[in-house]
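Just so it is clear, none of the values below were taken in a lab; they were calculated from the coordinates. The model shown is predicted, which means the values in this text are computed figures rather than measured ones. We place every Cβ from the backbone using ideal geometry, glycine too, and count neighbours over all the protein chains shown.
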Amino acid sequence: MNSSARNPSAMEPHSSSMGHLSPIWHPYAHLKTQRPAPKVVGGEGPYFQLDSGEWLLDATCSWWCMIHGYRHPRLVHAIQRQADELCHVMLGGLSHEPADRLARELVRITPDGLNHVFYSDSGSVGMEVAMKMAVQYHQLRGRSGKHRLLSLMKAYHGDTAGCMAVCDPEEGMHALFAGYLPRHRFAPAPSAPFDAEPAAVAADLAALRKVLETHHGEIAALLMEPLLQAAGGLNMTSPHYLQGARRLCDEFDVLLVFDEVATGFGRTGKMFASDHADVTPDILVLSKGLTGGYLGHAATLATDRVHDAFIGDSPDHAFMHGPTFMGNPLACRVALESLAVFEEEDYLGRIAALNRVLSHELLEDTDLRAHPAVVDVRVLGATAVIETRAAEELTGVGDWARSQGVWLRPIGRWLYTMPAYVTSPEELRSITDTMKAWFR
């Protein structure tokens, strides 16, 4: 790629944009240098349309949530039907059919033993619920000293205060808030890849054991994104690590919390990442693909062991958390339809086909892997990443990809795709061709 293409200022601005005076404060934006955001007016399948008339193939499925693509007729119709019946009602002291049905479906599809569902409205809040649940669980058992959490380096769990405190404190995006956040413990990120043999995972588990041996008296729960640490660099890890972590948590009386906000609903090739290891966490957090991306919603599931600790006579036995929009009927209804489409249309088969394309086009491209700017190329399920040596290697890639009809948005030095599951093999090759062409 020539230097002018790498320089965004060398490109003519696109005509499709919101005005500079828009009051919208965009996420993760540097206000001094940001340019007007393109205005999206619609979408269909894996594409969205701008007001300029451009159709862009979305390689990110809108931060990994639009698994069915845009304007899926069954999901749109489900929302419309539910809106005509009941748009919202508080879940405090009340219930409704979509919330009950969805809870039963989540218990059915998740790993055995996760029998209780607590709703919230986003992945970050779902993780906040999990962390509070874990700490209160130990409090109710008379283990008041177990009030800290153990997370992994390279972790990302969200942008709320509690979640920021368990994100990678060195390479994460929240170092500015270090003095404001509570202090927790961190173990090294696992380095053995997804297909590693058990012996290759031993060092990672030994490092985890060392932290637990030293600090288990104060640790309530181990938090992890199983198999795929997403926003922290798309680190892909071994199912054997999950199995070893489960054993260590049992040994040291520490709850195991899986953050499957990004990995749930097929992203790693199975319905849930934990399915690769046949492991049941004590607490599981779901969001993003839960509703197919059509409405914000989250679910935190717990085992009987966790749930039953909250059964008692004291005021402290109540779980004091209640998001206003938890169990929203519209979100529950579209989540039910999303799951029905997923199962009826064999999405796991579709994901396997996408994985074959990603593996062939990226992993088997020896020129790409040998490029001096490329550190590694990784594929897992319907996820692929090209890791570069520095973020500067990707300066301007979003603009250039847009000129090719593809929407790419790298994370730091990682150029990735997490496409919608309705993306065809030919469309996915357009994405991978665009990713590879940047390095030619």
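What to note about this one:
- Between Ala199 and Met320, the simple label model (points 7 Å from Cα in the Cβ direction) yields a spacing of 5.3 nm.
- Ala161/Asp367 FRET efficiency (R0 45 Å; Cβ-Cβ; nearest 0.05): 0.50
- Sorted on the mean count of surrounding Cβ atoms within 10 Å across their residues, most packed first, peptides 221-234, 67-80 read 221-234, 67-80.
- Which of Val306, Phe272, Val41, positive extreme of dipole for the chain (C-beta unit charges): Val41
- If the Kirkwood radius is taken over C-alpha pairs of the stretch 332-433, then at 37 °C and 0.692 mPa s the Stokes-Einstein diffusion coefficient equals 222 µm²/s.
- Neighbour counts of other Cβ atoms within 10 Å put Arg350, Arg141 in the fewest-to-most order Arg141, Arg350.
- The ranking of Leu102, Leu205 from fewest to most other beta carbons within 10 Å of each one's beta carbon is Leu205, Leu102.
- Applying a DSSP loop filter and a limit of 10 other Cβ atoms within 10 Å to the GluC sites (Glu not before Pro) in the stretch 69-128 leaves nothing.
- Lysine pair number, Cα distance threshold 29 Å (strictly under), the chain, separation 8 or more or different chains: 17
- The gain in end-to-end length when the Val107 to Glu392 segment is fully stretched comes to 98.1 nm, 0.36 nm per residue minus the alpha carbon separation.
- Contour minus Cα-Cα distance for Leu86 and Glu44 (0.36 nm per residue): 12.4 nm
- Extension gain, Ala207 back to Ser359 (0.36 nm per residue minus Cα-Cα distance, nm): 51.6 nm
- Among Ala199, Ile24, Leu227 - extreme Cα towards positive end, dipole of the chain, charges at beta-carbon: Ile24
- The charge dipole of the chain, taken about its Cα centre with unit charges on the Cβ of Lys, Arg, Asp and Glu (plus for the first two, minus for the last two), comes to roughly 780 debye.
- Cα lying deepest toward the dipole's positive end in the stretch 76-344, options Ser120, Gly92, Gly179, charges on Cβ: Gly179
- Computed magnitude of the charge dipole of the stretch 28-151 (debye, nearest 20; Cβ of K, R +1, Cβ of D, E -1): 680
- Scaled radius of gyration (Cα, divided by 2.2 N^0.38 Å) that the stretch 76-344 gives: 0.98
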